[in-house]
Amino acid sequence: MTAQSFEQHFQDKLDNEVSIEPRDWMPDDYRKTLIRQISQHAHSEIVGMLPEGNWITRAPSLRRKAVLLAKVQDEGGHGLYLYSAAETLGITRDEMLGQLHSGKAKYSSIFNYPTLTWADMGAVGWLVDGAAIMNQVPLCRTSYGPYARAMVRVCKEESFHQRQGFEIMMRLAEGSETQKKMAQDALNRWWWPSIMMFGPKDDDSAHSAQSMAWRIKRFSNDELRQKFIDVTVEQAKLIGLTIPDPDLKWNEEKGHYDFGAINWDEFWNVVKGNGPCNKERLAARQNAWNNGAWVRDAALAYSEKRKERAEKQAVDAA
Amino acid sequence: MTAQSFEQHFQDKLDNEVSIEPRDWMPDDYRKTLIRQISQHAHSEIVGMLPEGNWITRAPSLRRKAVLLAKVQDEGGHGLYLYSAAETLGITRDEMLGQLHSGKAKYSSIFNYPTLTWADMGAVGWLVDGAAIMNQVPLCRTSYGPYARAMVRVCKEESFHQRQGFEIMMRLAEGSETQKKMAQDALNRWWWPSIMMFGPKDDDSAHSAQSMAWRIKRFSNDELRQKFIDVTVEQAKLIGLTIPDPDLKWNEEKGHYDFGAINWDEFWNVVKGNGPCNKERLAARQNAWNNGAWVRDAALAYSEKRKERAEKQAVDAA
Amino acid sequence: MSTQHSNVSTYQPVNLLYYTLQLADTALINGHRLSEWCGHGPILEQDIAISNIALDHLGAARSLYQYAAEQFNNLNEADKKNAFSSPLLQQVVGAIDEDDLAYLRDGWDYRNLLLVEQPNQDWAYTIARSFYLDTFNFFFYRELTQSKDKSLAAVAEKSLKEVTYHIRWSSEWIIRLGDGTAESKERIQNALNEYWRFTGEMTHATEVDNAMHAAEIGVDLAKVKANWEERIAKVAEEATLTLPTGGWMQEGGKEGRHTEHLGYVLAEMQFMQRAYPNMEW
Amino acid sequence: MSTQHSNVSTYQPVNLLYYTLQLADTALINGHRLSEWCGHGPILEQDIAISNIALDHLGAARSLYQYAAEQFNNLNEADKKNAFSSPLLQQVVGAIDEDDLAYLRDGWDYRNLLLVEQPNQDWAYTIARSFYLDTFNFFFYRELTQSKDKSLAAVAEKSLKEVTYHIRWSSEWIIRLGDGTAESKERIQNALNEYWRFTGEMTHATEVDNAMHAAEIGVDLAKVKANWEERIAKVAEEATLTLPTGGWMQEGGKEGRHTEHLGYVLAEMQFMQRAYPNMEW
């Protein structure tokens, strides 16, 4: 096939909603964009273990502790699926982690906010996982097969986590005065960062048009954000919490909620590394990696020794 | 003077209760014994900061926290006086610390027991400092001048600490059921180790006779132990706590308390390194030292640079 | 679960409570330590594995606490009053539950093995701790499946499946580190040496252990000890490591006398229940 | 101490309470962090020095808490109810005291600077934290001696003597580490860079700061800022170090929004008061 026919073949698949698979030809930019997006997503899962991990040892009941620990562990699992999906595009996990640790690769900015009370476990599950699901469900039908399949598994678990988060908030909201305050305080702190998770406004979004064409992205940032707000405002009402946005108002005509201006300065500032916990999160990952170096070396050395011994045995036996 | 006349001169001083001073002639064994004893005593102060230091961040009131912190700091000060006294005998502090960190030098075994509740701050002050004072007051008149003078300062502060410890116990003993139990539990755990602080029975004490002759030691282990028991039993009665010794009984004839058999196996076992915290205490000191190496190097480098600059200035000015 | 020990003659309710708590507390505190690794493991797959193992221990702890709470609630008033010294637990009105036992008992009422409260330090110390404990648990729970107490036997049955995985996991890591690099060998050897002194307690019978064994509720620790020694020796040999022998053993955990570490674990673990009492979460 | 602000017009009692607590909480948490070094310092003399400084901060905290407790006890019932959200503090019967404020407030009621809750890490980080804070404290308390509130002025007078020693101590260490070895220079430079982001909060006025300044009770933070900048620049120059400039600043501590570290500090510090409530020590 000619280069042109490769491209045509690729485009046909896109047009017919046929999955692109690892061994298929694909444009370099498609590959690069996917590597960037999938690894960023994988990093987000791994870094995302930290803010919730912060409350495992302090969970207020044994049941909540078990549920939280299982949830954070699931996030590690998601990271694993996603690193594997990215590896099919010709990058190793170590390369991706190297980019994370050097600061070259990004992860979702939301994880640069601190978890200050137990209610944050509710808010993170409800809002952050909720927003993630909005972003991720369409990716179950994304054009790159391994990524789409990973997202199917991820989304199934995420919606479970989102329900658990909402349940924590509900319990607090129907609890003592202090618990109600705790829940409202968490909502106040997490609301705006959560709706920033959908990324910049469509007008300011750098990669969107091409990603839509490649079916890596299937809805615009603003569409998803609006959908999330519409759903979440109703849930907040249900449990008697107040969304911290005085401009929030149902727009009968549009059939959507209008909402206040987003502080994009804060968004870009956190992306640039100035969030409350950027340094701590990155340092935690770097420490885990650096302190684990001798362990990985040992595991590698042992597996090589085993291989050598097996080969020697085979030779001796021959 | 001849060697013999040096010795005679030294003996005259001992006989006339005149202090031996650093520049005076003294027998090698006297010097060695003193270095061993003073450095061991200094190490005990430093290691002794750890069990009480364990409760500074958890003290139950601000007043108790301040008193405890000041006390542990005083122990550091005592260490300082004593290292200085030992240095006058021709050993450096670094050499002494080297011996501590290598395990060659000993420190008081009592500090190898854990501090498990707040009441241990009371028990340590009351019993451990109490026993220490019994041992140390006679040392204010020990034959070696710098040691005797250091002990005067130490003893003044120690008796203050002992009163503070007793006050903690008294407060607990007049408190809630839980506090009473806490106090009794601490007394149960610290009583026997405290009376072991006076060392082996006179019959089994290796260095005693020579030390008595040199006026490094002024009362026998058993004499001091008996005195401590006689005093402390009365104090326990005063606040309604029970000494954990079923054989304890006033002996009208002797004018002293009889007491039960001491578990010398435990004593020697802890001395050998098998106490509950020997490893932790030594590790804490080694870590402080090792982690501080770069700080000490920096301080030294800076002071040398300053000296060089001052010399250069002097030369330039000349 | 219901209490099934009416046919046992030498049995005392408080002993069974304490015996159950020995197991529950060891599982909880061990799970706590392992969970501290979550998000900080040296390899992502192992981060997930160790969190999974932590979850197993936490699950076992919950079953055991539920059973212990049931036992406590059935005690007569005098035994109830004397069972624990923790003031907030004594103030619970009505029946207690698993969370009261975990979050309102002070250190002296905790009966876990000293081994499990030791800090993680690094991967080698964590593996050494798990190796000693998992091997003990494997043989202990295998025996406990034969308990006349049907509730404990049921917990043992479930735990045994999990422990079979744990013992394989930690043994493999012992071998991997022992027969890995020079550095890993030195680290794991040091860790095994350091934690050796906490192993005697596992199989040294307390009064409670003896009473429960006599009642055919608890297990024969001598038998567990023999199996434990044989198994760890075998693994150490394959790992080209040398296990310590003899030496002084630290004890007291099963009777509420702990190392200085437990206080810090509880301060952190129990903070919310104590700062926000009498609330539902 | 008694409250001496009847002549102040723009004054609100709750603002003065919060202002006092900003200072008290910063002193307590800083003292807590410094006290963690006790027994673990790199040089015995410095172990003693840093413990001494910790004691100064603890002493200042106590004076301020005593004054804050007095203020709180004089509030009307509505203000009392709204001043704090910590449930156990709200349940105190009768007058509160210094210990209630220290041990029964949760994180969101703590108003300390974020800087002081940062962990010690190593000697360089500890010195960097102290250097930034001590320099601020020196100029802040110098101004505060002029407060119309006689109680705060008295605390400031006493603190100023101590802070004069603290600023000398930490400045000398900055110079010693900066102009010491290559390693110490790198370590202290990194620490200064890392903690820079917590310095903006010190001199950035909150509503409470502004209200108290307007009432001539609090100080002019702009003036403190100018002095602070000049002084740290001078010391850094002598230390052959380069101070960061500008950059994003982390804030929130003075309004109860903290970093993740404070929760752990409080869990440890408050454990006894929470586990053994309503007892005298």
- Item | Zone residues, the range A:215-243, relative to A:Glu174, backbone N less than 14 Å from point 7 Å out along Cα-to-Cβ | A:238-241
- How about the range C:80-120: which of its residues lose at least 50 Å² of accessible area in the presence of all protein chains relative to their chain isolated, using a 1.4 Å probe? C:Pro87, C:Tyr103, C:Trp108
- Message: Check which residues have an amide H placed less than 5 Å from D:Lys148's amide H, if you skip close sequence neighbours.
- Response: D:Ile217
- Message: For C:Glu255, place a label point 7 Å from Cα along the Cα-to-Cβ direction in every copy; what are the distances to the other copies, in nm, shortest first?
- Response: 5.7
- Note on the structure: Simple spin-label estimate for A:Val231/A:Ala261, 7 Å along Cα→Cβ, in nm, reads 2.9
- Query: Rg and Dmax of the protein assembly as shown, Cα atoms, in Å?
  - Reply: 32.9, 116
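Compute the Rg to Rh ratio over the range A:276-317 from the alpha carbon atoms, using the Kirkwood formula for Rh, and round to two decimal places.
Numbers: Rg = 18.2 Å, Rh = 12.7 Å.
In the range A:276-317, Rg relative to Rh is 1.43.
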- Item | Closest-to-axis residue of chain D (Cβ criterion, axis taking D to C), whole Å | D:Arg274, 2
- Query: Gap in Å between the Cα centre of the range C:57-126 and the Cα centre of the range A:212-290?
  - Reply: 42
- Message: Just to confirm my numbers, what's the Cα centroid distance between the range C:130-158 and the range A:150-188 in Å?
- Response: 36
- Put a dot 7 Å past each Cα toward the Cβ at B:Lys312 and C:Glu45; how far apart are the dots in nm? 5.8
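Would you mind working out the magnitude of the charge dipole of the protein assembly as shown relative to its Cα centre, with +1 at each Lys and Arg C-beta and -1 at each Asp and Glu C-beta, to the nearest 20 Debye?
Working: 130 positive and 166 negative charges, 146 e Å.
That gives the protein assembly as shown a dipole magnitude of about 700 debye.
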- Message: Which three extents, in angstrom, do the Cα atoms of the range B:1-160 have along their principal axes, listed largest first?
- Response: 63, 33, 20
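With a 1.4 Å probe and every protein chain kept in, tell me what percent of the accessible surface of the range B:172-228 is carbon plus sulfur. The partial results should precede the final answer.
Numbers: 1230 of 2410 Å².
Accessible surface attributable to carbon and sulfur in the range B:172-228 totals 51 percent.
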- Student exercise, chain D dipole from Lys, Arg, Asp, Glu Cβ charges, in Debye to nearest 20: 340
- What number comes out for the charge environment of D:Tyr103, summing +1 per Lys or Arg and -1 per Asp or Glu over other residues with Cβ under 14 Å away? -1
- Give me the percent of the accessible area of the range B:268-318 that comes from carbon and sulfur atoms, probe 1.4 Å, all protein chains in place. 52
- Query: If ligands, DNA and RNA are left out, what is the accessible area of B:Thr2 with a 1.4 Å probe, given in Å² to the nearest 10?
  - Reply: 90
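For chain C, return all DSSP H helices satisfying: extent of Cα atoms along own axis at least 24 Å; mean Kyte-Doolittle hydropathy at least 0.5. Please list the in-between numbers first.
Working: long enough: C:13-35 (32 Å, 0.29); C:44-73 (43 Å, -0.05); C:123-144 (30 Å, 0.15); C:150-178 (40 Å, -0.11); C:221-238 (26 Å, -0.59).
Length and hydropathy pass: none found.
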- Query: Does chain A come out rounded, prolate or oblate, given a ≥ b ≥ c as the square roots of the eigenvalues of its C-alpha gyration tensor, rounded meaning a/c under 1.5 and, failing that, prolate meaning a/b above b/c?
  - Reply: oblate
- Hits in the range A:89-128: amide N under 19 Å from the 7 Å Cα→Cβ extension of A:Arg163, namely A:122-128
- Estimated dipole of the range B:164-207 in Debye, rounded to 20 [Cβ of Lys and Arg +1, of Asp and Glu -1, Cα centre]: 200
- Among the range D:46-70, those whose backbone N falls under 19 Å of a label point 7 Å along Cα→Cβ from B:Ser84 are D:46-53
- Task: Indicate the residues belonging to the range C:15-51 that lose 30 Å² or more of solvent-accessible heavy-atom surface (probe 1.4 Å) upon moving from the chain alone to the assembly of all protein chains, ignoring ligands and nucleic acids.
- Result: C:Ser35, C:Cys38, C:Gly39, C:His40, C:Pro42, C:Ile43, C:Leu44, C:Glu45, C:Ile48
- Message: What's the longest uninterrupted piece of chain B once you rule out the GluC sites (Glu not before Pro) that are loop residues per DSSP with at most 13 other Cβ within 10 Å?
- Response: B:18-173
- Note on the structure: Computed over chain C, protein heavy atoms only, probe 1.4 angstrom, the accessible area per residue in square angstrom equals 36
- Pairs of Lys in chain D closer than 25 Å at Cα, counting only those 8 or more apart or on different chains: 26
- Note on the structure: Rounded to the nearest Å, the spacing of the alpha-carbon centers of the range A:22-77 and the range C:22-38 is 24
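In peptide A:37-50, how many Cβ atoms from other protein chains are near each Cβ within 10 Å, on average? Kindly include the intermediate steps, with their values, before the conclusion.
Details: counts 0, 0, 0, 0, 0, 1, 0, 0, 1, 3, 1, 1, 8, 4.
Average per residue, whole number: 1.
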- Selected from C:Trp108, C:Trp169, C:Trp248 as most flexible by GNM, with chain C as the system and alpha-carbon contacts under 10 Å: C:Trp248
- Message: I'd like the per residue volume of the convex hull spanned by the Cα atoms of the range D:13-275, given in cubic angstrom.
- Response: 117
- Average partner coverage of A:178-190, which counts Cβ from other chains inside 10 Å: 2
- Message: Show me you know the interface measure: the accessible area buried between C and B, both chains summed, probe 1.4 Å, in Å² to the nearest 100.
- Response: 1400
- Using Cα atoms only, what is the angle between the long axis of helix A:293-317 and the major principal axis of chain A, expressed in degrees (0 to 90) to the nearest 10? 30
- Message: Name the residue from A:Gly77, A:Pro60, A:Ile133 whose Cα lies farthest towards the positive end of the charge dipole of the range A:3-275, charges +1 on Cβ of Lys and Arg and -1 on Cβ of Asp and Glu.
- Response: A:Pro60
- Message: What do you get for the angle between helix A:145-173 and the principal long axis of chain A? Use alpha-carbon atoms, 0 to 90 degrees, nearest ten.
- Response: 30
- Task: For chain A, find the longest principal axis of its Cα atoms and tell me its angle to the long axis of helix A:221-238, 0 to 90°, nearest 10.
- Result: 50
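Classify the range D:164-281 from the C-alpha gyration tensor, please: rounded if a/c falls under 1.5, else prolate or oblate depending on whether a/b exceeds b/c. It would help to have the intermediate numbers written out before the result.
Values: a/c = 2.10, a/b = 1.33, b/c = 1.58.
Note, shape of the range D:164-281 comes out oblate.
How much net charge surrounds A:Gly130 when only the other residues with a Cβ under 10 Å from the Cβ of A:Gly130 are counted, with Lys and Arg +1 and Asp and Glu -1?
On the way: positive: A:Arg163; negative: A:Asp129, A:Glu158.
Net of charged neighbours comes to -1.
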- Highest GNM mean-square fluctuation, chain D, Cα pairs closer than 10 Å: which of D:Ala215, D:Ala49, D:Ala78? D:Ala78
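Hey, what's the range B:276-317 come to in accessible area per residue, 1.4 Å probe, Å²? Intermediate values should be presented prior to the final figure.
Working: 2630 Å² over 42 residues.
With all protein chains present, the range B:276-317 gives 63 Å² per residue.
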- Residue-level accessible surface for B:Val231, protein heavy atoms, 1.4 Å, Å²: 60
- Query: Pick from C:Ala102, C:Ala239, C:Ala222: which is most flexible by mean-square fluctuation in a GNM of chain C where alpha carbon atoms under 10 Å apart are linked?
  - Reply: C:Ala222
- Would you kindly work out, in nm and rounded to one decimal, the distances from the label point of B:Val231 to those of the same position in each other copy, ordered shortest first, with label points 7 Å along Cα-to-Cβ? 7.5
- Item | Positive-pole candidate from D:Tyr195, D:Pro244, D:Val14, dipole of the range D:13-275, charges at beta carbon | D:Val14
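In whole percent, how big is the carbon plus sulfur part of the accessible area of the range B:1-67, probe 1.4 Å, protein atoms only? Intermediate results must be reported in sequence, preceding the final value.
Values: 1450 of 3000 Å².
With neighbouring chains kept in place, the figure for the range B:1-67 is 48 percent.
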- Between A:Glu7 and the same site in the other copies, what are the distances in nm, shortest first, taking label points 7 Å from Cα along the C-beta direction? 10.6
- Task: Determine, from the Cβ-Cβ distance of A:Arg153 and A:Ser205 and an R0 of 35 Å, the FRET efficiency 1/(1 + (r/R0)^6), rounded to the nearest 0.05.
- Result: 0.80
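The values are calculated or read from the model by the stated rules, or taken from the named source; none is laboratory data. These numbers come from a predicted model, not from an experiment. Note that each Cβ is placed from the backbone with ideal geometry, even for glycine, and that neighbours are counted across all protein chains shown. Note: accessible area is taken over every heavy atom of the protein model, side chains too, but ligands, DNA and RNA are not part of it. Shrake-Rupley method; radii C 1.70, N 1.55, O 1.52, S 1.80 Å.
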